[in-house]
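The values are calculated or read from the model by the stated rules, or taken from the named source; none is laboratory data. Not measured: the values here are computed from a predicted model. Reconstructed Cβ throughout: ideal geometry from the backbone, glycine too, with neighbour counts over all protein chains shown.
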Amino acid sequence: MEHLLAEAKEQKEKETLSLDQIMTYANKLSVATAELKALELQVKEKKSEVNQLSQGVLPDAMTEAGLQKLELADGSKLEVKEMMSYSVKDMSLLQKFLEERGDDALLKTSLELGKLPSNIVTMVLRTLKDEFSVEAEHKTTIHAATLKAYFNNLLGLGKQEAEMIAAELDEDMISHYSYYKTTVK
């Protein structure tokens with residue numbers, strides 16, 4: 001009987017110890033989560049400051065001074081470059097534009113079938129609408145980085161010579177804006 005009492009006491013101590021450990025870990029998690037949120041806020045604020053300096057204050061100051069490049073006392077180089085950002089307004093117009101130029105391979109095409117058992121998916125991929133009357137949504141996209149690289153090259157903002165100017169872009173097809181960004185190397 002004493003042996004059973006001793007085991008029960010030992011088990012209770014283990015449970016208490018486990019609960020104490022769990023509470024300690026839970027408190028550590030709570031503190032770490034709060035610290036992480038504070039650090040994420042600091043990072044967000046620092047990114048905003050970097051963007052203001054890189055895309056606003058320094059380009060304006062250097063433009064006012066008539067400079068595009070500047071070497072700093074520590075040997076690092078400051079350079080202001082014109083950048084462009086793009087977003088598709090009408091995918092069908094962009095698709096037609098790219099097809100006419102022979103550049104439609106930049107586009108990604110996907111079919112969305114929804115949830116289906118894998119055996120049906122295999123059959124649907126073979127015969128789609130004819131066999132199963134499954135309506136698939138046709139969706140065409142272009143990755144933002146691909147879009148930017150393509151139009152930067154087209155407009156001569158890359159290493160290639162410009163084939164057209166931004167003003168020639170169909171405003172119904174694509175929106176764009178020009179901005180300046182300063183980098184330190």
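Here is how the numbers come out for the structure above:
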quantity: Count of segment 39-53 residues which are of a type outside the set (D, E, K, R) and farther than 23 Å from M83 by Cβ; calculated: 3
quantity: The one condition in (1) surrounded by 12 or more Cβ atoms within 10 Å (Cβ to Cβ); (2) modelled with pLDDT of 95 or more that L67 fails to fulfil; calculated: (2)
quantity: Subset of segment 144-172 [surrounded by fewer than 11 Cβ atoms within 10 Å (Cβ to Cβ) and in a helix (DSSP H, G or I)]; calculated: A145, A167, E168
quantity: Some residue of segment 146-158 being outside the structural domain of E49 (by TED's automatic domain parsing), among the small types (G, A, S), modelled with pLDDT of 90 or more and within 20 Å of the chain's Cα centre (by Cα); calculated: yes
quantity: Residues that are assigned to a strand (DSSP E or B), at pLDDT 75 or above and either of a type in the set (G, A, S) or out of contact with any His (no Cβ under 8 Å at 6 or more places or on another chain) (or both), drawn from segment 100-113; calculated: S110
quantity: Single residue of segment 37-57 satisfying the filter (of a type in the set (G, A, S) and under 20 Å from the mean Cα position of the chain (by Cα)) that is modelled with the lowest pLDDT; calculated: S54
quantity: Test: K96 is surrounded by 14 or more Cβ atoms within 10 Å (Cβ to Cβ), charged (D, E, K, R) and at pLDDT 75 or above; calculated: yes
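Residues checked against (1) more than 26 Å from N153 (Cα to Cα); (2) outside any loop (DSSP other than H, G, I, E, B); (3) among the aliphatic types (A, V, I, L, M); (4) outside the structural domain of D172 (by TED's automatic domain parsing):
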| site | (1), (2), (3), (4) |
| --- | --- |
| T63 | no, yes, no, yes |
| G75 | yes, no, no, no |
| V80 | no, yes, yes, no |
| M83 | no, yes, yes, no |
| Y86 | no, yes, no, no |
| L93 | no, yes, yes, no |
| L98 | no, yes, yes, no |
| K115 | yes, no, no, yes |
| I120 | yes, yes, yes, yes |
